[in-house]
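Presented below is the structure to which this report refers.
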Amino acid sequence: MFKTRLPRSITAKSAAAVTLLGIGAYYAQSRLISTANAESTESPKVFSGFGFTTLRLQSTQDVNHNTKRLVFEFPDQSATSGLTLTSALLTISRPEGRWIPVLRPYTPISDLNQEGQIELMVKKYPNGKASGHIHSLVPGDTLTFAAALKGHAWTPNQSPQIYLIAGGAGITPIYQLARGILNNPADKTKINLVFGVNTEQDLLLREELESFKTRFPGRFDYIYTVSHPEGQNDGSRKGYITEELLRDVVRADGDAKVFVCGPPAMEDSLVGSRSQVGILGRLGFAKGQIVRF
């Protein structure tokens, strides 16, 4: 989900290498954590180093036909994640019948400073080995995390204005960034979000985004666009995220930045390639203003 994320398909050799490296790092990390906790009164950080971290699933909630929210609890209820904006977690799934683990990155949607737990939102893909396994988990089961994957290093007021463009499940890193900015009293960044989905059922985190708009008037706004609307329109726009749509929303002025996360085809059309200028480039954004998660 981040630019530094692992590919959706990870080879068996890569998975085995990460697994072996993680075993050694796990023991080193355990010694470091126990020593650090003995010398510090700060809340422990669950994902502050290398190695494996196995967490128990506390609860699940169906969001729609193919997406779940899953809350995992920390062994120490006073612990926090230790993650920074923007970060994802590399999960290790062991689907039935496979001896080679499957590694996939997922972005937490809960407050990164929340004590005692962390929440993921996972979309189940057809024949998805990792997402299928995670969706099969029930409260009491466990999931292993291999490492934290850091994305763009955000600092408060890095830009006076940012634009967030998300497609489908790509909303999770976009949401994490927006939440972190808006919940930081020292950060005054203004945010405009464009969220493209296939159907109204795919409008994930809608209540949370509505809450942002109510709580932060003048600082946060968003629009939806639905490519395959069903029935009566609920106020969302129809169609895909196009140059025409974005021309009415984004401005490549000054130090503005735009963050993009979604299906590869959508990202490619927005960002472009070495031989072709993307939509954002035609709208005046320089390469240094564009961040692809």
Legend entry - Scan of the stretch 245-289 for residues that are open to solvent by 60 Å² or more (accessible area, probe 1.4 Å), part of a loop (DSSP other than H, G, I, E, B) and small (Gly, Ala, Ser), ordered by number: 254, 273, 275
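Being at pLDDT 95 or above and either surrounded by 13 or more Cβ atoms within 10 Å (Cβ to Cβ) or not in a strand (DSSP E or B) (or both): is that true of residue 230 here? Spell out how you get there, then give the answer.
Numbers: at pLDDT 95 or above: no; either surrounded by 13 or more Cβ atoms within 10 Å (Cβ to Cβ) or not in a strand (DSSP E or B) (or both): yes.
Considered against the rule, which asks whether it is at pLDDT 95 or above and either surrounded by 13 or more Cβ atoms within 10 Å (Cβ to Cβ) or not in a strand (DSSP E or B) (or both), residue 230 comes out as no.
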Inset, instruction - Report, ordered by the first and then the second residue, all pairs with beta carbons closer than 7 Å, sequence separation of six or more or different chains, a first member in the stretch 192-205 that is in a helix (DSSP H, G or I), and a second member that is of a type in the set (Val, Ile, Thr). - result: 200/226
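Given the residues 240, 175, which is the only one that is touching a strand residue (DSSP E or B) at 6+ places or on another chain (Cβ under 7 Å) and at negative phi?
Details: 175 fails: touching a strand residue (DSSP E or B) at 6+ places or on another chain (Cβ under 7 Å).
The match here is 240.
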Inset, instruction - Working only within the stretch 154-177, note down all residues that are under 14 Å from residue 205 (Cβ atoms), among the hydrophobic types (A, V, I, L, M, F, W, C) and not in a strand (DSSP E or B). - result: 169, 171, 174, 177
Inset, instruction - Hey, can you tell me all the residues within the stretch 154-176 that are open to solvent by less than 10 Å² (accessible area, probe 1.4 Å) and small (Gly, Ala, Ser)? - result: 159, 166, 167, 170
Legend entry - Index of the failed condition, residue 51 passing every other in (1) in a loop (DSSP other than H, G, I, E, B); (2) open to solvent by 20 Å² or more (accessible area, probe 1.4 Å): (2)
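If we scan the stretch 217-227, do we find a residue that is of a type in the set (Lys, Arg), touching a residue at least 12 places away in the same chain (Cβ under 8 Å) and part of a helix (DSSP H, G or I)? Full working, then the answer.
First, pick out the residues of the stretch 217-227 that are of a type in the set (Lys, Arg): 219.
Next cut, touching a residue at least 12 places away in the same chain (Cβ under 8 Å) only: 219.
Checking the rest, the ones that are also part of a helix (DSSP H, G or I) come to none.
No: the stretch 217-227 contains no residue that is of a type in the set (Lys, Arg), touching a residue at least 12 places away in the same chain (Cβ under 8 Å) and part of a helix (DSSP H, G or I).
Sort out which residues of the stretch 132-153 are in a loop (DSSP other than H, G, I, E, B), at pLDDT below 95 and open to solvent by 40 Å² or more (accessible area, probe 1.4 Å), and write them in order of number. Steps first, answer last, please.
Within the stretch 132-153, the first condition is being in a loop (DSSP other than H, G, I, E, B), and the residues that meet it are 137-138, 140, 151-153.
Keeping just the survivors that are at pLDDT below 95 gives 151-153.
Passing the criteria: 152, 153.
Return the residue satisfying two criteria in turn: it lies in the stretch 77-88 and is open to solvent by 20 Å² or more (accessible area, probe 1.4 Å) and touching a helix residue (DSSP H, G or I) at 6+ places or on another chain (Cβ under 9 Å), and of such residues it is farthest from residue 145 (Cα to Cα). Break it down into steps so the answer makes sense when it comes.
Step one: filter the stretch 77-88 for residues open to solvent by 20 Å² or more (accessible area, probe 1.4 Å), giving 77-78, 82, 84-85.
Next, only the ones that are touching a helix residue (DSSP H, G or I) at 6+ places or on another chain (Cβ under 9 Å) stay: 84-85.
On the way: 84: 16, 85: 18 Å.
Among those residues, the one meeting the criterion is 85.
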Inset, instruction - Quick one: count up the residues across the stretch 193-219 that are farther than 20 Å from residue 169 by Cα and touching a helix residue (DSSP H, G or I) at 6+ places or on another chain (Cβ under 9 Å). - result: 3
Legend entry - Output for the stretch 182-217, where each listed residue is closer than 19 Å to residue 237 by Cβ and of a type in the set (A, V, I, L, M): 191, 193, 194, 197, 203, 204, 205, 209
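Looking only at residues that are in a strand (DSSP E or B) and touching a helix residue (DSSP H, G or I) at 6+ places or on another chain (Cβ under 7 Å) in the stretch 89-113, which one is nearest to residue 146 (Cα to Cα)? Spell out how you get there, then give the answer.
Looking only at the stretch 89-113, we keep the residues that are in a strand (DSSP E or B), and these are 89-93, 102-106, 108.
Now narrow it down to the ones that are touching a helix residue (DSSP H, G or I) at 6+ places or on another chain (Cβ under 7 Å): 91, 93, 102-104, 108.
Details: 91: 6, 93: 10, 102: 11, 103: 8, 104: 10, 108: 14 Å.
In this case the residue turns out to be 91.
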Inset, instruction - Only residues in the stretch 103-128 that are closer than 23 Å to residue 181 by Cα and free of Cβ contacts under 8 Å to residues at least 40 places away in the same chain count as the first member; pair them with residues that are hydroxyl-bearing (Ser, Thr, Tyr) and open to solvent by less than 20 Å² (accessible area, probe 1.4 Å), Cβ under 6 angstrom, at least 6 apart or cross-chain, and list the lot. - result: 113/80
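Among the β-branched types (Val, Ile, Thr), surrounded by fewer than 16 Cβ atoms within 10 Å (Cβ to Cβ) and touching a Ser or Thr at 6+ places or on another chain (Cβ under 9 Å): which single residue out of 242, 225 fits that description?
On the way: 225 fails: surrounded by fewer than 16 Cβ atoms within 10 Å (Cβ to Cβ).
Being among the β-branched types (Val, Ile, Thr), surrounded by fewer than 16 Cβ atoms within 10 Å (Cβ to Cβ) and touching a Ser or Thr at 6+ places or on another chain (Cβ under 9 Å) holds for just one of 242, 225, which is 242.
Hey, could you check the stretch 177-191 for residues that are of a type outside the set (Val, Ile, Thr) and touching a residue at least 60 places away in the same chain (Cβ under 8 Å) and say which is least open to solvent (accessible area, probe 1.4 Å)?
Taking the stretch 177-191 first, the residues of a type outside the set (Val, Ile, Thr) are 177-180, 182-188, 190.
Subsequent filtering for residues that are touching a residue at least 60 places away in the same chain (Cβ under 8 Å) retains 177, 179-180, 183.
Working: 177: 1, 179: 62, 180: 26, 183: 68 Å².
Result: 177.
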Inset, instruction - Scan (1) part of a helix (DSSP H, G or I); (2) of a type in the set (Gly, Ala, Ser); (3) at positive phi for the single condition residue 180 breaks and write down its number. - result: (3)
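The values are calculated or read from the model by the stated rules, or taken from the named source; none is laboratory data. Bear in mind that the values here come from a model prediction, so they are computed numbers and not experimental data. Cβ coordinates were reconstructed from backbone atoms using ideal geometry, including for glycine residues, and neighbour counts include every protein chain displayed. SASA here: full protein model, heavy atoms, side chains in, ligands and nucleic acids out. Shrake-Rupley method; radii C 1.70, N 1.55, O 1.52, S 1.80 Å.
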